[in-house]
1. Here is a check on your reading of the model: is residue 87 closer than 26 Å to residue 153 by Cβ and touching a strand residue (DSSP E or B) at 6+ places or on another chain (Cβ under 7 Å)?
2. Which of (1) over 18 Å from residue 147 (Cα atoms); (2) crowded, with 17+ Cβ neighbours inside 10 Å does residue 97 not meet, given it meets every other one?
3. Report yes if residue 112 is among the β-branched types (Val, Ile, Thr) and not in a helix (DSSP H, G or I), otherwise no.
4. Among the residues of the stretch 134-144, is there at least one that is surrounded by fewer than 11 Cβ atoms within 10 Å (Cβ to Cβ), at pLDDT 90 or above and either among the basic types (Lys, Arg) or within 31 Å of the chain's Cα centre (by Cα) (or both)?
5. Checking residue 27 against (1) acidic (Asp, Glu); (2) under 37 Å from the mean Cα position of the chain (by Cα); (3) open to solvent by less than 80 Å² (accessible area, probe 1.4 Å), only one condition comes out false. Which one?
6. For a quick check of your reading: which strands (runs of 3 or more DSSP E) sit entirely within the stretch 31-100 and have at least 3 residues that are closer than 17 Å to residue 18 by Cβ and touching a residue at least 40 places away in the same chain (Cβ under 8 Å)?
7. Looking at the structure I just gave you, is residue 102 basic (Lys, Arg) and open to solvent by 100 Å² or more (accessible area, probe 1.4 Å)?
8. Filter the stretch 30-48 down to the residues that are of a type in the set (D, E, K, R) and open to solvent by less than 70 Å² (accessible area, probe 1.4 Å), then identify the one that is nearest to residue 58 (Cα to Cα).
Amino acid sequence: MNERIRAREVRVITDQNENLGVISIQEALRIAGERGLDLVEVAPNANPPVCKVMDFGKFQYERAKKEREARKLQKTIEVKEIRLRPKTDDHHRSFKVRDARRWLEEGMKVKVRIRFRGREITYPEIARDMLREVAEELDDIAVVEQSPNMEGRTMLMVLAPNTEKKK
């Protein structure tokens, strides 16, 4: 910006978006000074570099405002979790599956975690079958994002809402 621009000649665009062509840096700085604005290098890699006559403070403010607005409109995906045990019976599992269904319909992801205690860990197929049954119950609205795998003393599966089946 202004005196920090090192090129001898630059292509200048005014604040009204009219192209003044390739002129010397001193002439470009004089034009910007007459208008009470800054000379800002917008395309330094071009040959010759492209500079624009603009109010740099206003430009920075508007750019920051756009970034704030973009962050505000970003959709954050929440991850909910249901915890089960290998000995959890069908009745209690159905309550948890009902909660998972509600969360998936709201657009959240659901982690299904089965925690092993003691010697239960020697029968991981029980947990794998239980996770498969949960996935089958929710397959009308969910897809398995992460298939069942062991993490320490727990087996974990992640379900995500299926947008194609909703439509």
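1. no
2. (1)
3. Numbers: among the β-branched types (Val, Ile, Thr): yes; not in a helix (DSSP H, G or I): yes.
Considered against the rule, which asks whether it is among the β-branched types (Val, Ile, Thr) and not in a helix (DSSP H, G or I), residue 112 comes out as yes.
4. Filtering the stretch 134-144 for residues surrounded by fewer than 11 Cβ atoms within 10 Å (Cβ to Cβ) gives 136.
Next, from what is left, pick out any that are at pLDDT 90 or above: 136.
Still in the running and either among the basic types (Lys, Arg) or within 31 Å of the chain's Cα centre (by Cα) (or both): 136.
Yes, some residue in the stretch 134-144 is surrounded by fewer than 11 Cβ atoms within 10 Å (Cβ to Cβ), at pLDDT 90 or above and either among the basic types (Lys, Arg) or within 31 Å of the chain's Cα centre (by Cα) (or both).
5. So residue 27 meets the others, but not (2).
6. On the way: elements: 38-43, 50-54, 79-84.
Hits in the stretch 31-100: 50-54.
7. Yes.
8. Within the stretch 30-48, the first condition is being of a type in the set (D, E, K, R), and the residues that meet it are 30, 34-35, 38, 41.
Then keep just the ones that are open to solvent by less than 70 Å² (accessible area, probe 1.4 Å); that gives 38, 41.
Values: 38: 11, 41: 15 Å.
My answer is 38.
The values are calculated or read from the model by the stated rules, or taken from the named source; none is laboratory data. Just so we're clear, the structure is a prediction, and the values are computed from it rather than from any experiment. Please note: Cβ atoms are built from the backbone with ideal geometry, for glycine as well, and neighbour counts cover all protein chains shown. Only protein heavy atoms, including side chains, enter the accessible area calculation; ligands, DNA and RNA are left aside. Shrake-Rupley method; radii C 1.70, N 1.55, O 1.52, S 1.80 Å.
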